[in-house]
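Asks: This is the structure I have questions about; it appears just below.
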Amino acid sequence: MFSRSRRLSTEALNMIRINKFTLVLVMVCSCCVTSIKLDELKNDKNQLAKTVGGGSSAASSRAASRPASGDRDGAPMAKHAVNKSSADGEETSKTRAVQADAQSSALKTTISEKRVEKCKEKCPANIKECCRNAIAEKSCHNATDDPVSYFVNPSYPNEDWDSSFCDFRVDIKNRNVCQLRLDLEEFSLRGPHKYLGSCRQDRLIISTTLPNGIGITELCGNNTGQHLYFPVDPKAGGSSVALMMMTSQSSRYSWKVRITQIDCLADPQAVAPTGCLQYHTSLSGTIQSFNYAGGMYQSGLDYAVCIKRSVNTCRVEFQQVPGSTFGINSMEGPSLEEGIGRAGEVSCDLVTHDYLHIPGGMLDIGEEILAATGNVEVYTPTAEKFCGRSLSGLAIQEFAEKIKVNDPLGAQDNNTIATPVTSYASGPIIVRFHTDSVTVRERDIGFSIAYQQLGTGCNKNKIRR
């Protein structure tokens, strides 16, 4: 009995020892787990401190030492560390942005210098003309502040077909720039509507911040070789000009427009007179209506074409380019015979309102006729509005005869074929083209006329106009 009790006591003691060992083992495991979790928590906090503070070791250390229970003594220090790290991050970001801008500017300068050097290598004798091809070409949804730039269709030099809205912005940073010149080196869009004369499908729209516009609201058709001037005023807030091409899938199209910012102080000779949509500076040249190559002018036009007057010029001679067609709607409409011109208010601005305006236009009687009259006073009538199927100085004489007999609406003799029109008007040389709200294809073709400034025959004081 005693032996049995002793055996039971020994077994109980062993069980107690096992239970103690198990308890210790459990406590050790709990400590290990707790330590692992604390290490994980520290790692998470260190990672958070690095993300917020840009990897600052001091901030990481403070974040790691912050009590897990979130006691209030540690919280202000952690917040201060985060704020300081954020400020350091913002300063770093600003520094990097400045460095990026400097690198971008340096890259642009390097590219520009390389272009110039490339031009000098290719054609040192004519670097200005050569570098025309080195100017960057940009297309839709783009902007530029370059003094000279190119705006082209998306697939240039190939044509496009897709319907699209293509915009291009010109930013003017030089406050001395007062005009932009657009040279339409290539410009082929669908022409105006064949009965209405408006640009219904493809068109170029130029938008400025100035209220008076440029004398034309939109442009379409075939206008390769034409140019346009329009005013800008950066000092008045007009620091950007938007060019918008609206295209459809009705026909193929392409364009290449050279845009030049004109510095009015540095290059005053390049500035067009106020109000001139086009400006010619040569002693002689050719003036064409828009879309003349397409065979139809637009409706609703009223713009001025100016010519720089030479110092010795006393008269300007205008005549239809030999072999060209001429068509500006007149009172007779389509019934007017081909090659017959009209002049004066009745034919050109009474029923219809399409005309080419040449100030003081007259049929020049010539030195020989003046000498044959013994240099006596000669009556030579003038007219300023021209229309019909030719540009005719004879039409001025015919209209004057009708007025003389008080029959301005009487039947015409129709012998008013193409003949030069001369203007002795003083002051700026300005030709205007005006069209009404309706134009018709085949009839309203437009004009191609040559002008020439002359310094001879200036003593026509015997001519009474």
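Asks: Taking 22 Å as R0, compute the FRET efficiency from the Cβ-Cβ separation of residue 140 and residue 248 and round it to 0.05.
Replies: 0.90
Asks: Excluding residue 244 itself, calculate the net charge of residues whose Cβ lies under 12 Å from the Cβ of residue 244, where each Lys or Arg counts +1 and each Asp or Glu counts -1.
Replies: Residues close to residue 244 contribute a combined charge of -1.
Asks: Still on this structure: For the pair residue 284/residue 169, report the inter-label distance in nm, with labels modelled 7 Å from Cα in the Cβ direction.
Replies: It works out to 4.7 nm between the two label points.
Asks: Would you mind checking 256/385; 194/385; 194/235; 308/385 for any pair whose Cα atoms are more than 30 angstrom apart?
Replies: Distance filter (> 30 Å) returns 256/385; 194/235.
Asks: How much of residue 394 can a 1.4 Å solvent probe reach, expressed as accessible area in Å² and rounded to 10?
Replies: 60
The values are calculated or read from the model by the stated rules, or taken from the named source; none is laboratory data. On a predicted model such as this, the values are computed, not experimentally measured, just so you know. Because the Cβ atoms are built from the backbone with ideal geometry, glycine has one as well, and the counts that use them run over all protein chains shown. These accessible areas exclude ligands, DNA and RNA; they are computed on the full protein's heavy atoms, side chains included. Shrake-Rupley method; radii C 1.70, N 1.55, O 1.52, S 1.80 Å.
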